Structure formats: C-alpha cells, structure tokens
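Report on the following structure.
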Amino acid sequence: MCGIIGYTGPRVARDVVVAGLRRMEYRGYDSAGVAIVADGRIEYRKKAGKITNLVADLEANPLPDSGLGIGHTRWATHGGPTDDNAHPHISADSRVALIHNGIIENFAVLRAELEANGIVFTSQTDTEAAAQLLGREVSAGTDLADAMRTVCGRLEGAFTLVAVDAAEPH
C-alpha cells in the first residue's frame, strides 16, 4: 500500500518526511522517495527497495535543508519496482514534483498525448503522466491549485495527488 507524507514548517523537511515514511513501513511497499523545494529548485532522491536504501542514498547524496517536502512509499501498479518508477515524479522542466496513491486508468492515452507533444518519460508509471500534465499547466502560467484542478478533471480512476511547485513553494 502506498504512503504519502508532506511537510511545511520550520524543521528540516527531509528529516520529517523520512521519519514519516519510516512510520508507514508496516504497510508494505517496493520503493520510497523524497522531494524538497530549496532555492527555487526541486531536489529529490528515490530508491527501489527498503527505506534504508533511500536513507543510504540521502547520506551519500544529501538534500539541502528546506522547510518544504513531500515523500512517498510505493506499491507498484504500473511498472516494476525500480528507481525510475519510484515516486516522486518530476515534470519535464523540473518545476513540479508529484506523488500519487491510487490508479489513473486513462494514463496510456494521456501519456501518448504528452509524448506526441515532445515529453520524454523516464518511468512506466501512471503517476508520471499526471506529473507531466501538471508541469505543463504550471509552465503555461496556471497556479498550482488551479493546475491541479485542471489535471484532476482529466484523470480517470481513484487517486490522491500531492505536488510541490519550485517556482511557487507556498
């Protein structure tokens, strides 16, 4: 089962998010990841396997301190348990990070549309289609909340999405 956590506040988001992911370990998962917004950029790490794999990667490749972050533990529905398929997924312009629980039933049609418009996918997940749609909306000048409403209106299925926008972190 997937787990989603988000944090905004005075503490180091990376640490709060990883601690939250560890609390959800009992649910079962095949990968984990964290994204933070720092200095107008999305920084992220994601790894297949146990949260200890993610923690080891964070120790070897630290994320900057930030008070805003999201994290995810994934149980695969589309695509195998790989680093590329782990969440978060990042928009083509690296402005938006998105995590997702559930299933997007029409992702293949959406993916084909995005690929026809030049978007290159790095995963086999339904989630990345939502991340790319959201990235396209915010890059066109739509604020994150309105972009999320637009994207959710295009998605079919049962899902929860959490996203951050590096250009509008609040």
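The values are calculated or read from the model by the stated rules, or taken from the named source; none is laboratory data. As the structure is a prediction and not an experimental result, all values here were calculated from the model. Neighbour counts are summed over all protein chains in view; Cβ atoms, including those assigned to glycine, are modelled from backbone coordinates with ideal geometry. For the accessible areas, the whole protein counts, side chains as well, though only heavy atoms, and no ligand, DNA or RNA atoms are used. Shrake-Rupley method; radii C 1.70, N 1.55, O 1.52, S 1.80 Å.
The residue 27 and residue 116 beta-carbon pair, evaluated with R₀ = 41 Å, returns a calculated FRET efficiency of approximately 0.65. Considering only 72, 38, 97, the residue lying farthest towards the positive end of the dipole of region 26-119 is 72, judged by Cα position with unit charges set on Cβ. Sorting 109, 151, 16 by solvent-accessible area of protein heavy atoms yields 109, 16, 151, largest first, with a 1.4 Å probe. Exposure check, 1.4 Å probe, all protein chains in place: residue 149 carries approximately 150 Å² of accessible surface. The separation of region 59-135 from region 14-58, counted between C-alpha centres, amounts to 14 Å. Distance distribution P(r), region 23-166, all Cα-Cα pairs, bin width 5 angstrom from 0: 2, 11, 20, 24, 21, 14, 7, 2, 0 percent. Each residue was assigned an accessible area with a 1.4 Å probe, and for residue 144 the value is about 40 Å². Among 113, 156, the order of accessible area from largest down is 156, 113, computed with a 1.4 Å probe on protein heavy atoms.
Computed on protein heavy atoms with a 1.4 Å probe, the accessible areas place 87, 170, 78 in the order 170, 78, 87, largest first.
What residue among 107, 121, 159 shows peak mean-square fluctuation when the chain is described by a Gaussian network model with Cα springs under 10 Å? Of the options given, 159 has the highest mean-square fluctuation. Under the simplified labelling scheme, the residue 84-residue 41 pair shows an inter-label distance of 2.3 nm, with each label point 7 Å from Cα along Cα→Cβ. Using 1/(1 + (r/R0)^6) with R0 = 35 angstrom and r between the beta carbons of residue 159 and residue 65, what's the FRET efficiency to the nearest 0.05? E(calc), rounded to 0.05, equals 0.70. R0 = 25 Å: FRET efficiency of residue 150 with residue 8, Cβ-based, nearest 0.05? E(calc), rounded to 0.05, equals 0.65.
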